[in-house]
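*Asks:* Dropping the structure in here first, questions after.
The values are calculated or read from the model by the stated rules, or taken from the named source; none is laboratory data. These numbers come from a predicted model, not from an experiment. Here Cβ is always computed from backbone atoms with ideal geometry, including for glycine, and neighbour counts include all displayed protein chains.
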Amino acid sequence: MARTGITIGELGKRTGVNVETVRYYEKVGLLPEPHRTAAGYRQYGEAHVRRLRFIRRGRDLGFSVEAVRALLQLAEHPDQPCADADHMAAQHLAEVEERIADLVRLRDGLRQMVTCRGHSVAECRIIDALIG
(Lines give C-alpha, C1' and ligand atoms only; values in the text may rest on other atoms or scores of the structure.)
Protein backbone atom coordinates (compact mmCIF):
# COMPACT_ATOMS: atom_id res chain seq x y z
CA MET A 1 0.00 0.00 0.00
CA ALA A 2 1.40 3.40 -1.01
CA ARG A 3 1.79 6.14 1.57
CA THR A 4 -0.17 9.28 0.96
CA GLY A 5 0.85 12.66 2.20
CA ILE A 6 1.17 16.26 1.29
CA THR A 7 3.96 17.92 -0.63
CA ILE A 8 6.33 20.49 0.80
CA GLY A 9 4.50 23.18 -1.18
CA GLU A 10 1.15 22.16 0.31
CA LEU A 11 2.71 22.02 3.78
CA GLY A 12 3.98 25.54 3.27
CA LYS A 13 0.56 26.77 2.16
CA ARG A 14 -1.25 25.11 5.05
CA THR A 15 1.12 26.55 7.64
CA GLY A 16 2.15 29.85 6.07
CA VAL A 17 5.80 28.81 6.12
CA ASN A 18 8.10 29.31 3.14
CA VAL A 19 9.37 26.09 1.53
CA GLU A 20 13.00 27.07 2.16
CA THR A 21 12.17 27.64 5.81
CA VAL A 22 10.57 24.19 6.00
CA ARG A 23 13.82 22.71 4.67
CA TYR A 24 15.81 24.75 7.19
CA TYR A 25 13.65 23.50 10.09
CA GLU A 26 14.28 19.94 8.90
CA LYS A 27 18.01 20.59 8.65
CA VAL A 28 18.25 21.96 12.22
CA GLY A 29 16.06 19.18 13.60
CA LEU A 30 12.94 21.14 14.55
CA LEU A 31 10.85 19.29 11.98
CA PRO A 32 11.35 15.55 11.55
CA GLU A 33 12.40 14.28 8.17
CA PRO A 34 9.35 13.22 6.18
CA HIS A 35 8.80 10.00 4.32
CA ARG A 36 10.10 10.19 0.76
CA THR A 37 8.54 8.71 -2.32
CA ALA A 38 10.49 6.37 -4.57
CA ALA A 39 11.25 9.46 -6.67
CA GLY A 40 12.64 11.26 -3.62
CA TYR A 41 9.77 13.67 -3.05
CA ARG A 42 8.97 14.62 0.53
CA GLN A 43 5.58 13.45 1.80
CA TYR A 44 4.37 15.12 4.98
CA GLY A 45 1.55 14.10 7.31
CA GLU A 46 -0.79 15.85 9.71
CA ALA A 47 1.75 15.54 12.52
CA HIS A 48 4.15 17.66 10.43
CA VAL A 49 1.41 20.25 9.88
CA ARG A 50 0.68 20.49 13.62
CA ARG A 51 4.36 20.68 14.56
CA LEU A 52 5.16 23.28 11.91
CA ARG A 53 2.23 25.42 13.04
CA PHE A 54 3.61 25.23 16.59
CA ILE A 55 7.06 26.25 15.34
CA ARG A 56 5.65 29.12 13.30
CA ARG A 57 3.58 30.46 16.20
CA GLY A 58 6.64 30.33 18.45
CA ARG A 59 8.77 32.13 15.89
CA ASP A 60 6.01 34.70 15.28
CA LEU A 61 6.11 35.43 19.02
CA GLY A 62 9.83 36.06 18.67
CA PHE A 63 11.17 32.92 20.32
CA SER A 64 14.57 31.82 19.04
CA VAL A 65 14.99 28.51 17.25
CA GLU A 66 16.57 27.06 20.39
CA ALA A 67 13.71 28.31 22.56
CA VAL A 68 11.19 26.77 20.14
CA ARG A 69 13.16 23.52 20.34
CA ALA A 70 12.90 23.60 24.14
CA LEU A 71 9.18 24.41 23.98
CA LEU A 72 8.64 21.50 21.58
CA GLN A 73 10.37 19.20 24.05
CA LEU A 74 8.11 20.49 26.81
CA ALA A 75 5.03 20.01 24.60
CA GLU A 76 5.99 16.36 24.13
CA HIS A 77 5.48 15.83 27.88
CA PRO A 78 2.01 17.29 28.56
CA ASP A 79 1.77 15.81 32.07
CA GLN A 80 4.80 17.75 33.31
CA PRO A 81 4.43 21.01 35.28
CA CYS A 82 4.46 24.11 33.14
CA ALA A 83 6.98 26.03 35.29
CA ASP A 84 9.72 25.71 32.66
CA ALA A 85 7.45 27.04 29.91
CA ASP A 86 6.31 29.87 32.19
CA HIS A 87 9.93 30.74 32.97
CA MET A 88 10.86 30.79 29.29
CA ALA A 89 7.87 32.98 28.46
CA ALA A 90 8.62 35.37 31.33
CA GLN A 91 12.26 35.66 30.27
CA HIS A 92 11.24 36.29 26.67
CA LEU A 93 8.68 38.88 27.78
CA ALA A 94 11.39 40.73 29.72
CA GLU A 95 13.58 40.77 26.60
CA VAL A 96 10.69 42.05 24.47
CA GLU A 97 9.91 44.79 26.99
CA GLU A 98 13.57 45.83 26.98
CA ARG A 99 13.55 46.03 23.18
CA ILE A 100 10.35 48.08 23.30
CA ALA A 101 11.97 50.51 25.76
CA ASP A 102 14.99 50.80 23.43
CA LEU A 103 12.68 51.47 20.48
CA VAL A 104 10.78 54.13 22.43
CA ARG A 105 14.08 55.89 23.19
CA LEU A 106 15.05 55.60 19.53
CA ARG A 107 11.67 56.99 18.44
CA ASP A 108 11.93 59.91 20.85
CA GLY A 109 15.43 60.74 19.63
CA LEU A 110 14.32 60.63 16.01
CA ARG A 111 11.32 62.84 16.79
CA GLN A 112 13.69 65.46 18.16
CA MET A 113 15.83 65.23 15.06
CA VAL A 114 13.03 65.55 12.54
CA THR A 115 11.82 68.82 14.01
CA CYS A 116 14.62 70.61 12.22
CA ARG A 117 13.93 74.30 11.87
CA GLY A 118 16.98 75.02 9.73
CA HIS A 119 16.90 75.88 6.08
CA SER A 120 20.18 74.26 5.04
CA VAL A 121 22.08 71.06 5.73
CA ALA A 122 24.48 73.06 7.88
CA GLU A 123 21.57 73.70 10.28
CA CYS A 124 20.08 70.18 10.04
CA ARG A 125 19.77 68.35 13.36
CA ILE A 126 19.86 64.92 11.75
CA ILE A 127 23.16 65.57 9.97
CA ASP A 128 24.56 67.22 13.12
CA ALA A 129 23.56 64.22 15.26
CA LEU A 130 25.17 61.77 12.86
CA ILE A 131 28.40 63.78 12.63
CA GLY A 132 28.55 64.48 16.37
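*Asks:* Taking the condition within 17 Å of the chain's Cα centre (by Cα), over 24 Å from I6 (Cα atoms) and loosely packed, with under 12 Cβ neighbours inside 10 Å, does E123 pass?
*Replies:* When the stated conditions are applied, E123 does not pass them.
*Asks:* Among the candidates I100, I55, which residue alone is within 30 Å of T4 (Cβ to Cβ), within 22 Å of the chain's Cα centre (by Cα) and either surrounded by fewer than 15 Cβ atoms within 10 Å (Cβ to Cβ) or of a type in the set (V, I, T) (or both)?
*Replies:* Result: I55 is the single residue among I100, I55 that is within 30 Å of T4 (Cβ to Cβ), within 22 Å of the chain's Cα centre (by Cα) and either surrounded by fewer than 15 Cβ atoms within 10 Å (Cβ to Cβ) or of a type in the set (V, I, T) (or both).
*Asks:* Residues of the range 41-72 being in contact with a Ser or Thr (Cβ under 8 Å, 6 or more places away or on another chain) and either free of Cβ contacts under 8 Å to residues at least 40 places away in the same chain or of a type in the set (F, W, Y) (or both), which ones?
*Replies:* Result: Y41, R42, Y44, R53.
*Asks:* L110: over 20 Å from G5 (Cα atoms), assigned to a helix (DSSP H, G or I) and assigned by TED's automatic domain parsing to the domain that holds G5, yes or no?
*Replies:* Spelling it out, it is not the case that L110 is over 20 Å from G5 (Cα atoms), assigned to a helix (DSSP H, G or I) and assigned by TED's automatic domain parsing to the domain that holds G5.
*Asks:* Could you tell me which residue of the range 30-52 is surrounded by the most Cβ atoms within 10 Å (Cβ to Cβ), considering only residues that are under 24 Å from the mean Cα position of the chain (by Cα), assigned to a loop (DSSP other than H, G, I, E, B) and hydrophobic (A, V, I, L, M, F, W, C)?
*Replies:* L31
*Asks:* With (1) at pLDDT below 95; (2) within 20 Å of the chain's Cα centre (by Cα) as the list, and R111 as the residue in question, which single condition is left unmet?
*Replies:* For R111, the exception is condition (2).
*Asks:* Looking only at the range 1-29, filter to residues that are assigned to a loop (DSSP other than H, G, I, E, B) and hydroxyl-bearing (S, T, Y); which one of those is modelled with the highest pLDDT?
*Replies:* T7
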